[in-house]
Amino acid sequence: MKPAKPTCDTILDTRKVKKNGTYPVKLRVTYQRIRRYYKTRFEVDETFWEQMLEGRRSKAHNELRNDLEAIRAKAKQVCID
């Protein structure tokens, strides 16, 4: 049996709406079927998030995508160590 490896992903937490109508972006770490959510500094609305996932190439989408990828890479590095 292979040893379990943690997985990391960023999600839009639609359970909580901020006062300005945006949702927080969270880092989800799953290990042995247990999920933990960690906050990030990002908040976006649902349509922006969907457009980013579809591959829209505006400057704001690219910046957010790159920042989230850096967070995921750092989290994976921490999980490996």
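Annotations
- Residue in segment 1-10 that is open to solvent by 40 Å² or more (accessible area, probe 1.4 Å), over 10 Å from the mean Cα position of the chain (by Cα) and modelled with pLDDT of 90 or more present: no
- Unique residue being of a type in the set (Lys, Arg) and surrounded by 16 or more Cβ atoms within 10 Å (Cβ to Cβ) when the list is Lys59, Lys74, Lys26, Lys19: Lys26
- Flag if Thr7 is in contact with a strand residue (DSSP E or B) (Cβ under 6 Å, 6 or more places away or on another chain) and over 13 Å from Arg65 (Cα atoms): yes
- Residues located in segment 29-51, provided they are surrounded by 10 or more Cβ atoms within 10 Å (Cβ to Cβ) and part of a helix (DSSP H, G or I): Glu46, Phe48, Trp49, Glu50, Gln51
- Number of residues in segment 1-24 that are more than 16 Å from Ala73 (Cα to Cα) and part of a strand (DSSP E or B) equals 3.
The values are calculated or read from the model by the stated rules, or taken from the named source; none is laboratory data. Remember, predicted model here, so these are calculated numbers, not experimental data. Don't worry about glycine lacking a Cβ; one is built from the backbone with ideal geometry, like all the others, and counts go over all protein chains shown. The accessibility values were calculated without ligands, DNA or RNA, using every heavy atom of the protein model including side chains. Shrake-Rupley method; radii C 1.70, N 1.55, O 1.52, S 1.80 Å.
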